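Just below is one structure, and these are the notes that go with it.
The values are calculated or read from the model by the stated rules, or taken from the named source; none is laboratory data. Given the structure is predicted, the values throughout are model-derived calculations rather than measurements. Here the Cβ positions follow ideal geometry from the backbone for every residue, glycine too, while neighbour counts run over all protein chains shown.
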Amino acid sequence: MKIQVRYFASVREKLGAGETVQLDGAQVPRNVGELQDWLARQSEAHGLALDEARGLRTALNQTLCMPDEPLSDGDEVAFFPPVTGG
């Protein structure tokens, strides 16, 4: 499964604009929350930027969503802090 991940505001400052992740095998995240957890384990920088305690908001295919929103191949997931500037 291939997912396009985008980062905004302070998350983007720490991780860049985004990345495409190829998810295969038994540990494939089933939903947005599991993807966030999976990404947070990829590096120390990811762990700090995507820490659940930061209260990040998520969007799936440009629509705000909850962590339990299921993922499908080709989805776009965005992570951003609760307040962003213009």
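Can you report the number of residues in segment 13-43 which are more than 24 Å from residue 72 (Cβ to Cβ) and either in a helix (DSSP H, G or I) or in contact with a His (Cβ under 7 Å, 6 or more places away or on another chain) (or both)?
2
Considering only segment 50-86, state which residues are at positive phi and touching a residue at least 60 places away in the same chain (Cβ under 8 Å).
Across segment 50-86, the qualifying residue is only 74.
Quick one: which residue in 63, 58 is over 10 Å from the mean Cα position of the chain (by Cα) and either basic (Lys, Arg) or under 14 Å from residue 75 (Cα atoms) (or both)?
Every option except 63 fails the conditions.
Within segment 44-71, track down each residue that is exposed (fewer than 12 other Cβ atoms within 10 Å of the Cβ), modelled with pLDDT under 95 and assigned to a loop (DSSP other than H, G, I, E, B).
Passing the criteria: only 55.
Tell me which of these residue 42 doesn't satisfy, since it passes every other one: (1) under 18 Å from residue 19 (Cβ atoms); (2) of a type in the set (S, T, N, Q); (3) within 11 Å of the chain's Cα centre (by Cα).
Among (1) under 18 Å from residue 19 (Cβ atoms); (2) of a type in the set (S, T, N, Q); (3) within 11 Å of the chain's Cα centre (by Cα), residue 42 violates only (3).
Among (1) in contact (Cβ under 8 Å) with a residue 40 or more places away in the chain; (2) within 18 Å of residue 83 (Cα to Cα); (3) outside any strand (DSSP E or B), which single condition is residue 6 missing?
Failed condition: (3).
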